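Everything on this sheet refers to the single structure shown next.
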Amino acid sequence: MVSIEFKGIRQGILVTLPDAGEWATIQADLAARIDSQKEFFRGANIVLQVGKRSVRRHELDSLITLLEKRNVVLTGVLSEAATTQGATRKLGLATDLDELEVVSHRPADVPETHAQQPTAAPAMNSEVQGADAVLIRRTLRSGNNIHHHGHVIVLGDVNAGAEIIAGGDIIVWGHLRGVVHAGANGGLDAVVCALNLEPTQLRIGSLISVSPAKRRRRPQPERAYIENGQIHAEAWKP
Amino acid sequence: MTGRVVTITSGKGGVGKTTTTANLGVSLALQNLRVVVIDADIGLRNLDLVMGLENRIVYDMVDVVEGRCSLRQATVKHKDYPHLYLLPASQTRDKTAITPDNMRMICAELKEDNDFILIDSPAGIEWGFKNAIAPADESIIVTNPEVSSVRDADRIIGLIEAEEDPVRSWLIVNRVKANMVRRGEMLSVKDVVSLLAIKLLGVIPDDDVVVRSSNEGIAVTGKTREAFDAIARRLNGESVPVDTYENGGSFFGRFLKLFSN
């Protein structure tokens, strides 16, 4: 597979395509990458970075069709080639990030995230390799959505009607009542932790569970994880 | 004088925004404050009905915006409360006749010689709500102790918080039924406040008198009146303890009931 890079930006997801290689191959690879992380890409806006490559209009057309089938919207194409820029304009897409609105479901206080680099052989290094994460320092209310390819940490409540979809773990320092999906790209080792774990629905990888109907008298911090193909919740202790 | 523009909103319809606007207006006016209430529900107006002023309307807000009359001509003075005025909505046009900028201009003018401008927002989160919230200095979220209206209130608070310069939100819990709360069949005021996490401005008990007086276009009386008066004083900066009306009146009242049974 050729190297396609993804990076979360304020306008959506920036997809950098390699300079060389057949368009058809690259297109197929991109489709495969999206299919392998369906949940993460669903409803996402993406911006292509194609560098010096000349992309014709029919090539963009076929890509858009392919993306539409996967519920992904192409909002812009960044390019140094005049042909590509022309084709992009004709399709009514942006050629510059400044033309694009900041995606509404990403709150403004979410910092830019860095590319999810394919992990090369880890160097001999005493430093712990951290994964990407966003920190949200407020309560998520009904209608708020957070999509992130890494971990999501919320300092506040996640109210019913709010939704978090994370590629990694989800940690809520507060009352979790909304819908959460950890390990959305298939990570079965993802966990969901909350001071009061009462989600409308909790998903890890491809498994789904709902909170028991009976309310506990004294809420305690809990951690949900997958064991033997089932979602379990246990007391969350240091 | 620089008045405060307070938008009364809820997300969900039918929770009591219009009744709250009308009666809070009366309570503020009774404290010798100059108040204008604005009906922002263009096309579905009914604040004038609840206030008993339907037959006095000549011009409306759309007439002001489109230059057919002055703002002073369109505001209707209340028949019983000389400090209370109504700026009616248009019944024949729809919400697109007004823009957020129109609302800001109208409110800027009204602020000059009034203490409070209360805006009755339409239900929903669309155009009408955006018009109503645009000029606000503060907002009052009205909710019932019931899951769907609390959910919508949460959504509205989220939308207000997402604005560039978010205004402060207050909470009014309307239609609290003491006996249902005591039996654990209704969300308690405490539950609602802990979920929405905004400052509680007051609680209004459920009372048949509200329906009756709304139909007759007069202000409410009795314990609901007291609740609105307390809310008005709190809004005006006084420190008044909040009664949640969950204990069926005062201790003394229950004591008396015990004996009359």
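The values are calculated or read from the model by the stated rules, or taken from the named source; none is laboratory data. As the structure is a prediction and not an experimental result, all values here were calculated from the model. Positions of Cβ are generated from backbone atoms using ideal geometry, with glycine treated the same way; all protein chains shown enter the neighbour counts. The area values use the complete protein model at the heavy-atom level, side chains included, leaving out ligands, DNA and RNA. Shrake-Rupley method; radii C 1.70, N 1.55, O 1.52, S 1.80 Å.
Under the rule that an exposed site lies in a DSSP loop and has at most 16 other Cβ atoms within 10 Å, name the longest stretch of chain B with no GluC sites (Glu not before Pro) of that kind, not counting the sites themselves.
B:1-65
Whole percent per 5 Å bin, from 0 to the bin with the longest distance: what is P(r) over all C-alpha pairs of chain A?
All Cα pairs considered, the percentages come to 1, 6, 13, 16, 17, 14, 12, 9, 6, 4, 2, 1, 0, 0.
For the protein assembly as shown, count all C-alpha to C-alpha pairs, find those more than 35 Å apart, and express that count as a whole percent of the total.
When every Cα pair of the protein assembly as shown is considered, 48 percent fall beyond 35 Å.
Take the alpha carbon atoms of the range B:53-67, find their center, do the same for the range B:91-118, and report the distance between the two centers in whole angstrom.
Using only Cα atoms, the two centres lie 12 Å from each other.
Exposed loop sites here are trypsin sites (Lys or Arg not before Pro) in DSSP loop states with at most 11 other C-beta atoms within 10 Å. What is the longest stretch of chain A lacking them?
That would be A:53-136.
Please pull out the direction-averaged projected area of the range A:45-89, using the convex hull of its alpha-carbon atoms, in nm² to one decimal place.
Details: hull surface 10.7 nm².
Hull-based average projected area comes out at 2.7 nm².
Can you list residues whose amide H is under 5 Å from A:G51's amide H, if they're 5+ apart or on another chain and H is modeled 1.01 Å from N?
Under 5 Å from the amide H of A:G51: A:E80.
Lys/Arg Cβ at +1, Asp/Glu Cβ at -1, dipole of the protein assembly as shown taken about the Cα centre: which of A:H147, B:M180, B:I160 is farthest positive-ward?
Farthest along the dipole direction, towards plus: B:M180.
For the pair B:K223 and A:N228, what calculated FRET efficiency results from E = 1/(1 + (r/R0)^6), where r is the Cβ-Cβ distance and R0 = 41 Å, to the nearest 0.05?
Efficiency at R0 = 41 Å is approximately 0.10.
Normalising by the residue count of chain B, find the relative contact order in percent from Cα pairs under 8 Å and 6+ residues apart. Write out the running numbers ahead of the final one.
Details: 519 pairs, mean separation 64.8, N = 261.
Reported relative contact order: 25 percent.
Determine how many Å³ per residue the convex hull of the Cα atoms of the range B:90-132 encloses.
Value for the range B:90-132: 79 Å³ per residue.
Can you give the Rg/Rh ratio of the range B:94-221, where Rg is from the C-alpha atoms and Rh is the Kirkwood radius?
Rounded to two decimals, Rg/Rh equals 1.00.
Under a crude label model (7 Å from the Cα following the beta-carbon direction), how far is A:D96 from A:L66 in nanometres?
Those two pseudo-labels are separated by 2.9 nm.
Per residue of A:141-148, count partner chain C-beta atoms within 10 Å of its C-beta, then hand back the mean as an integer.
5
Of all the accessible heavy-atom surface of the range A:133-235, with the other protein chains kept in place and a 1.4 Å probe, what percent is carbon and sulfur?
Of all accessible area on the range A:133-235, carbon and sulfur atoms account for 50 percent.
Obtain the radius of gyration and the Kirkwood radius of the range A:133-235 from its C-alpha atoms and give Rg over Rh.
0.93
Regarding the range B:147-235, what whole-number volume in Å³ per residue does the convex hull of its Cα atoms give?
121
Count, for each residue of B:147-155, the Cβ atoms from other chains sitting within 10 Å of its Cβ, then give me the mean as a whole number.
Mean inter-chain Cβ contacts per residue within 10 Å come to 4.
Pop a pseudo-label 7 angstrom from the Cα along the beta-carbon direction at both B:A162 and B:R4 and give the gap in nm to one decimal.
In this crude label model, B:A162 to B:R4 measures out at 2.7 nm.
Express in nm, to one decimal, how much length is gained between B:W127 and B:D208 on full extension, taking 0.36 nm for each residue of separation and deducting their alpha carbon distance.
25.9 nm
Note the direction-averaged projected area, equal to a quarter of the hull surface, for the Cα convex hull of chain B, in nm².
On the way: hull surface 56.0 nm².
Result: 14.0 nm².
Three principal axis extents, largest first, for the C-alpha atoms of the range A:1-52, in Å?
The principal-axis extents, from largest down, are 27, 22, 13 Å.
Which of the trypsin sites (Lys or Arg not before Pro) across the range B:169-210 are loop residues per DSSP, with 10 or fewer other Cβ within 10 Å?
Details: sites: B:R175, B:K177, B:R182, B:R183, B:K190, B:K199; in loops: B:K177, B:R183.
Those that pass, being in a loop and sparsely packed, are B:R183.
Treating only the Cβ of Lys, Arg, Asp and Glu as charged (+1, +1, -1, -1), what charge dipole size does the protein assembly as shown show about its Cα centre? Round to the nearest 20 debye.
1280
Can you work out the FRET efficiency for the pair A:A20 and A:R138, with r the C-beta to C-beta distance and R0 = 51 Å, to the nearest 0.05?
Working: r = 44 Å, r/R0 = 0.87.
About 0.70, to the nearest 0.05.
For chain B, what is the mean residue ellipticity at 222 nm derived from helices alone (per DSSP H run of n ≥ 4: -39500 (n - 2.57); sum divided by total residues; nearest 500 deg cm²/dmol)?
Mean residue ellipticity, 222 nm, calculated: -11500 deg cm²/dmol.
Among A:D169, A:D29, A:D98, whose mean-square fluctuation peaks in a Gaussian network model of chain A (Cα, cutoff 10 Å)?
Its mean-square fluctuation being the largest, the pick is A:D98.
For the range B:21-132, what class follows from the C-alpha gyration tensor (a ≥ b ≥ c being the square roots of its eigenvalues): rounded when a/c is under 1.5, otherwise prolate if a/b is larger than b/c, else oblate?
It is rounded, given that a/c, with a ≥ b ≥ c, falls under 1.5.
In a shell of Cβ-Cβ distance under 14 Å around B:G14, excluding B:G14 itself, what net charge do Lys and Arg (+1) and Asp and Glu (-1) give?
-2
Pop out a list of residues from the range A:158-185 that are at least 20 Å² less accessible with all the protein chains around than in their chain alone; 1.4 Å probe, no ligands or nucleic acids counted.
A:N159, A:A160, A:R177
With no solvent and one equal point scatterer placed on each C-alpha of the range B:24-80, evaluate the Debye formula and give log10 I(q)/I(0) for q = 0.16, 0.19 Å⁻¹, two decimals.
With one equal scatterer per Cα and no solvent, log10 I(q)/I(0) is -0.52, -0.73.
Among residues other than B:R175 whose Cβ falls under 14 Å from its Cβ, what is the net charge (Lys/Arg +1, Asp/Glu -1)?
Around B:R175, the charge tally is -2.
Which is farthest toward the positive dipole end of the range B:31-100 among B:M61, B:L87, B:V35, measuring Cα position about the Cα centre, with Cβ charges +1 (Lys, Arg) and -1 (Asp, Glu)?
After comparing all options, I get B:V35.
Can you give me the % of accessible surface on the range B:100-253 that is carbon or sulfur? Probe 1.4 Å, all protein chains present, nothing else counted.
Values: 3650 of 7250 Å².
That fraction is 50 percent.
Roughly how much accessible area, to the nearest 100 Å², goes out of reach of solvent when B and A pair up, both sides summed, probe 1.4 Å?
800
Solvent-accessible area per residue for chain A at a 1.4 Å probe radius, Å²? Don't jump to the answer; show the numbers that get you there.
On the way: 12700 Å² over 238 residues.
Dividing the accessible area of chain A by its residue count gives 53 Å².
In whole Å and largest first, what semi-axes does the C-alpha gyration tensor of the range A:5-99 yield when each eigenvalue is scaled by 5 and square-rooted?
After scaling each eigenvalue by five and taking roots: 19, 15, 12 Å.
Work from the charge dipole of chain B (Cβ charges, +1 for Lys and Arg, -1 for Asp and Glu, about the Cα centre) and give the residue of B:I8, B:T143, B:T224 farthest towards its positive end.
The listed residue farthest towards the positive side: B:T224.
Where in the range A:5-31 does the label zone of A:R56 land, with the point 7 angstrom along Cα→C-beta and an amide N cut-off under 14 Å?
A:23-24
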